[in-house]
Amino acid sequence: MNVLQEAGEALQRLRQKRPLVHHITNVVTINDCANATLAIGASPTMTWAPAEVGELAGAASSLVLNMGTLQPWTIDAMERAGKAAAEKDVPIVLDPVGAGGTTYRTQGALQLAARLPLTVIRGNMSEMMCLAAGRSGINPGVDSHDREVMTIEKVRHLARLLKTTVAITGPVDAVSDGRRSVLLGNGTPLLTYVTGTGCMTTSLIASFAAVSGPFTAAVSGILSMGIAGETAARLSQGPGTFHLHLIDALYQLQTETYLTCGKVLNYDE
Amino acid sequence: MNVLQEAGEALQRLRQKRPLVHHITNVVTINDCANATLAIGASPTMTWAPAEVGELAGAASSLVLNMGTLQPWTIDAMERAGKAAAEKDVPIVLDPVGAGGTTYRTQGALQLAARLPLTVIRGNMSEMMCLAAGRSGINPGVDSHDREVMTIEKVRHLARLLKTTVAITGPVDAVSDGRRSVLLGNGTPLLTYVTGTGCMTTSLIASFAAVSGPFTAAVSGILSMGIAGETAARLSQGPGTFHLHLIDALYQLQTETYLTCGKVLNYDE
Amino acid sequence: MNVLQEAGEALQRLRQKRPLVHHITNVVTINDCANATLAIGASPTMTWAPAEVGELAGAASSLVLNMGTLQPWTIDAMERAGKAAAEKDVPIVLDPVGAGGTTYRTQGALQLAARLPLTVIRGNMSEMMCLAAGRSGINPGVDSHDREVMTIEKVRHLARLLKTTVAITGPVDAVSDGRRSVLLGNGTPLLTYVTGTGCMTTSLIASFAAVSGPFTAAVSGILSMGIAGETAARLSQGPGTFHLHLIDALYQLQTETYLTCGKVLNYDE
């Protein structure tokens with residue numbers, strides 16, 4: 001079965017199960033993350049008080065840790081939630097927003113990656129490079145420019161260094177679990193004119209992680225955002241109308257849509 | 001005068017007075033709560049610093065306490081604001097988001113209900129059941145499934161146990177002040193695909209509470225959201241476009257709309 | 001060269017440079033501020049952890065300090081960010097939301113104005129009056145009603161009292177740096193039915209401040225919001241659809257739009 005079929009079947013399971021996805025996320029895009037999670041068919045909870053965050057993460061079907069507006073108390077909450085999730089085998093998806101951008105973020109991301117069993121890490125190339133360099137203690141040997149050509153070799157190398165499934169978004173998207181690797185080609189430039197499309201992709205990956213393995217979850221989340229983006233772009237006059245049509249398009253995705261519209265540029269296992 | 005007429009007249013007073021509605025609310029849906037409040041014709045303020053929250057709540061025409069992203073400091077701010085509001089007879093509307101879902105939330109909701117003179121409590125059936133059990137020390141004797149058939153008896157019973165006006169939203173909405181009770185039938189399934197439609201309903205009830213008694217405020221707020229939802233659903237292709245048309249439809253509500261479109265399923269006094 | 005031409009040229013530079021605009025802002029409208037910044041052509045960052053806020057503000061091309069949901073920790077972060085910005089000559093734009101409304105806000109705004117070299121202050125008339133009275137220790141001699149007729153003399157007087165560039169928004173908008181002054185007439189009543197249009201204007205001014213002097217930045221930001229508001233109003237049925245079309249219209253602004261659509265009511269230098 002190819003990755004597009006796997007994505008379609010994961011969507012079917014997602015909409016049957018309507019899994020609970022707990023988020024500890026940033027205050028810029030928190031509303032969009034909740035609405036994207038609802039639109040794909042899952043059910044979001046999004047709070048982080050120390051007294052309840054472990055209870056909520058342990059009872060959820062997957063957990064999002066998004067470092068957008070990182071604060072000391074959000075790092076604490078993420079560790080607490082991550083440990084509760086790990087005890088119950090709840091998949092954890094990390095979005096290391098801005099890792100490499102400031103020392104504080106780099107350290108925060110490395111701390112979470114060191115202490116928690118992450119199921120998927122979703123970020124752009126420079127965030128991934130920063131994590132890989134910090135985790136392995138060696139230069140990941142990948143040019144740091146986000147815009148350079150993405151290859152199967154690069155994404156697989158990063159997955160192996162990080163010892164988890166990586167989902168790298170950019171002009172070309174890439175997913176690898178160190179064994180299976182894929183390059184994906186859906187998307188539209190309008191996705192870069194709405195804040196939070198990366199965060200929403202992370203929430204989609206977590207939604208799929210509640211009903212499938214890490215590789216399929218990462219592929220399905222990225223395909224969903226890319227295909228919905230293309231649909232929304234056709235209906236929009238700018239990033240405002242695009243923003244809404246994007247949510248509509250996620251809601252309208254169907255099992256067959258991945259087979260019809262998904263663009264696999266390269267695949268290796 | 002029936003409840004639909006009362007709602008229409010309340011809307012008229014609301015748009016004339018443009019009352020100030022102070023919110024202590026969650027960070028997921030805070031923007032939607034502000035925009036729903038503006039659309040219905042009131043004026044929102046939404047901040048919670050200890051040094052000013054009492055000043056703002058005391059000067060407002062009504063107060064929303066929404067427990068969405070509850071934190072220790074928001075509970076403190078809610079008590080402070082609630083006490084200042086109570087001193088000036090400013091109506092207080094509580095949205096006990098997630099009460100019963102975690103121990104922390106149940107205790108927070110019960111603490112607020114015990115210490116503040118709440119004008120209206122707006123929640124779903126399980127949140128109300130949790131509050132009623134905790135307040136009365138006895139099992140409220142209502143089956144806890146949200147989806148079971150709502151009746152006049154159930155909502156009146158909960159209002160009497162909680163000694164205030166209750167507004168219960170679900171497949172059928174219900175309001176009671178322990179004497180007058182009503183079941184309302186407007187709405188659309190799309191309301192469950194946008195985060196914050198419950199929170200917005202609470203903000204609408206608080207807006208109406210600034211210009212009418214608790215029962216009429218609760219009925220008017222629920223009718224406004226249900227009718228606007230139906231209008232928006234007719235114009236939408238999914239939850240993204242629905243989200244916007246919902247705000248438009250609240251703005252376009254008129255005195256007569258309640259009489260034309262409101263659905264009273266049962267009424268008792 | 002007139003102010004409309006200057007605005008058009010500033011937009012051209014803005015879209016070429018795509019400057020980084022760091023925000024410390026409120027949680028009500030933070031998503032809109034990010035999306036307005038992206039739509040006009042700049043790149044927003046929006047976080048405030050003490051450990052990184054100086055690093056981010058010092059590396060940005062301009063800094064927004066928006067007092068919306070003011071907290072003790074946001075004031076600290078604003079001072080820290082402002083000092084880092086000042087050391088690197090990064091322009092600072094203050095939005096003193098609610099100054100004059102509570103003692104806490106008045107003191108916060110005065111503290112920031114006293115300690116930081118503000119490039120532009122953007123607010124409504126009563127916020128400006130409050131700041132001017134507090135800064136100069138004398139009554140600014142301007143009637144405090146927001147709705148009274150705005151004049152060149154009033155805005156110039158306030159700019160001189162505050163010793164910076166002021167951007168006053170209201171039924172008529174006004175900008176002065178104490179030497180050049182202008183009254184601007186674009187806009188639509190729908191702008192008052194969406195929360196955060198003032199905040200977004202501040203973010204636009206900061207975006208322009210990264211590529212032009214304070215006076216041109218303030219004029220360009222206000223013109224952009226007013227003209228985009230007029231475009232959006234023509235396409236909208238209410239504040240929900242208006243909200244989106246507003247972002248679209250900011251994205252669609254072109255160099256010539258200011259000359260074609262900008263309304264200069266009065267100008268003096």
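The Rg/Rh ratio of the stretch C:3-268, with both radii computed over alpha carbons and Rh defined as the Kirkwood radius, is 0.93.
If I model a spin label as a point 7 Å beyond the Cα along the Cα-Cβ vector, how far apart are those points for C:R234 and B:Q111 in nm? It works out to 5.5 nm between the two label points.
How much of the accessible area of the protein assembly as shown, probe 1.4 Å, is carbon plus sulfur, in whole percent? Solvent-exposed carbon and sulfur of the protein assembly as shown make up 51 percent of the total. Label-point spacing for B:E87 across the identical copies (point 7 Å from Cα in the Cβ direction), in nm and ascending order: 4.3, 4.3. When chain B is turned onto chain C, its residue with the beta carbon nearest the axis, and that distance in whole angstrom, is B:V27, 3.
Can you list the DSSP H helices in chain C whose Cα atoms extend at least 30 Å along the helix axis and whose mean Kyte-Doolittle hydropathy is -1.0 or higher? Helices meeting the criterion: C:214-234.
Provide the FRET efficiency to the nearest 0.05 for the A:C261-C:S136 pair, computing r from the beta carbons and using R0 = 51 Å.
Calculated transfer efficiency: 0.25.
Shown for A:D268: label points 7 Å from Cα along the beta-carbon vector, and their distances to the equivalent points in the other copies, 7.1, 7.1 nm in ascending order.
Our Cα-only numbers for the stretch A:1-60 put the radius of gyration and Dmax at 13.7, 44 Å. Sorted shortest first, the distances from the A:A114 label point to those of the same residue in the other copies are 4.3, 4.3 nm; each point sits 7 Å from Cα along Cα-to-Cβ.
For chain B, the mean residue ellipticity at 222 nm estimated from helices alone is -17000 deg cm²/dmol, where every DSSP H run of n ≥ 4 contributes -39500 (n - 2.57) and the total is divided by all residues, rounded to the nearest 500. Just the number, please: buried accessible area between A and B, total of both chains, 1.4 angstrom probe, nearest 100 square angstrom. Buried surface at the A/B interface: approximately 2000 Å². Shown here is the pair-distance distribution of the protein assembly as shown: with all Cα-Cα distances grouped in 20 Å bins from zero up to the longest one, the shares run 17, 50, 31, 3 percent. Here the stretch C:60-209 is described by how far its Cα atoms reach on the three principal axes: 38, 34, 30 Å, from widest to narrowest.
Based on protein heavy atoms only, the protein assembly as shown ends up with 34 Å² per residue of surface accessible to a 1.4 Å probe.
Burial here means at least 40 square angstrom less accessible surface with every protein chain in place than with the chain by itself, probed at 1.4 Å; in the stretch A:179-208 the buried residues are A:Y193, A:T195. Based on the Kirkwood approach, the hydrodynamic radius assigned to the stretch C:180-259 is 12.7 Å, with every pair of different Cα atoms included. Between A:N266 and A:L183, the built amide H atoms are under 5 Å apart, and every one of these is 5 or more places off in sequence or on another chain. The Cα center of the stretch A:1-36 and the Cα center of the stretch C:236-269 differ in position by 37 Å. Kirkwood-based Rg over Rh for the stretch A:132-269 (C-alpha set), two decimals? Radius of gyration over Kirkwood radius for the stretch A:132-269 works out to 0.98. Highest mean packing comes first when the peptides A:28-38, B:252-262 are listed by Cβ atoms within 10 Å, giving A:28-38, B:252-262.
The values are calculated or read from the model by the stated rules, or taken from the named source; none is laboratory data. Nothing here was measured: the structure is a model prediction, and the numbers come from that model. Note: ideal-geometry Cβ built from the backbone for every residue, glycine included; neighbour counts use all protein chains shown. Keep in mind that these areas ignore ligands, DNA and RNA; they rest on the heavy atoms of the full protein, side chains included. Shrake-Rupley method; radii C 1.70, N 1.55, O 1.52, S 1.80 Å.
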